[in-house]
């Protein structure tokens, strides 16, 4: 009868043959595949957001410790980059790029934080290596570093454009209680229509760039996640400076 006969079975019930076993064992592989698509961008996001709340206080109180952390970080990254598993290799390469950003942040916030004009040059110390790495197996790490550097440049540009750059040295030089007040006043000055418009247009441009990059390979996805996270970090920092300056990580 129609509908009662199936391949390998005359009872109408699902077959228990080898084909069924293949079908049932093939399904679970979809989840790890989908997970792997988001793994590197997710880690890149954590590596962009985390240092704001972890590295900043560490550098402020113990810059040498932050610098020394680079050694095990680089060793771990290089060991993972040589692992036979492709995903661990990619993770290790990503950590190499993160190590570059970590070193740049440590150097500036540890010893040059009173001179904002030096921020971008210090953070860009590995720029030639990163540009060269875009054509090598280190492409993912180079993309993370370059996207992080671009985010830093845009943030500094907005600080300069909105007139906050002259307030930077007094804030980082002042006593903690005075610095909290100065930081909060600086954040409030951004609640001006023109300042908000500039910030909004920059955020939209970053979002569009990140959207274009995410359609490319793993390196593009990492860069997109890093740039998008920059907007998140800046937004969180502004909110903290307005509502709870102690939590901003700057003071």
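FYI, it's all coordinate maths here, none of it is from the lab. All of these numbers come straight from a predicted model, not from anything done at the bench. A quick note on method: Cβ atoms are made from the backbone with ideal geometry, for glycine too, and the neighbour counts reach across all protein chains shown.
Mind pulling the angle between the C-alpha long axis of helix 63-81 and the longest principal axis of the chain? Nearest 10 degrees, somewhere in 0 to 90.
That helix lies at roughly 20 degrees to the long axis.
Relative to the longest principal Cα axis of the chain, at what angle does helix 176-189 sit, 0 to 90 degrees, rounded to 10?
Value to nearest ten degrees: 70.
Going out from 0 in 10 Å bins, what whole percent of all Cα-Cα distances in the stretch 111-223 drops into each bin?
13, 33, 31, 19, 4
Viscosity 1.306 mPa s, temperature 10 °C: Stokes-Einstein D of the chain from its Kirkwood Cα radius, in µm² per second?
Details: Rh = 20.6 Å.
So the translational diffusion coefficient is about 77 µm²/s.
Taking 7 Å along the Cα-to-C-beta vector as the label spot, tell me the residue 198-residue 211 distance in nanometres, rounded to one decimal.
Distance between label points: 2.5 nm.
Taking only Cα atoms, what is the 0 to 90° angle, nearest 10, from helix 218-243's long axis to the longest principal axis of the chain?
For helix 218-243, the angle is close to 50 degrees.
Tell me, what is the percent relative contact order of the stretch 38-248, built from C-alpha pairs under 8 Å that lie six or more residues apart?
On the way: 249 pairs, mean separation 49.4, N = 211.
Once normalised by length, the contact order is 23 percent.
Alpha carbon centre of the stretch 169-234 versus the stretch 113-150: separation in Å?
18
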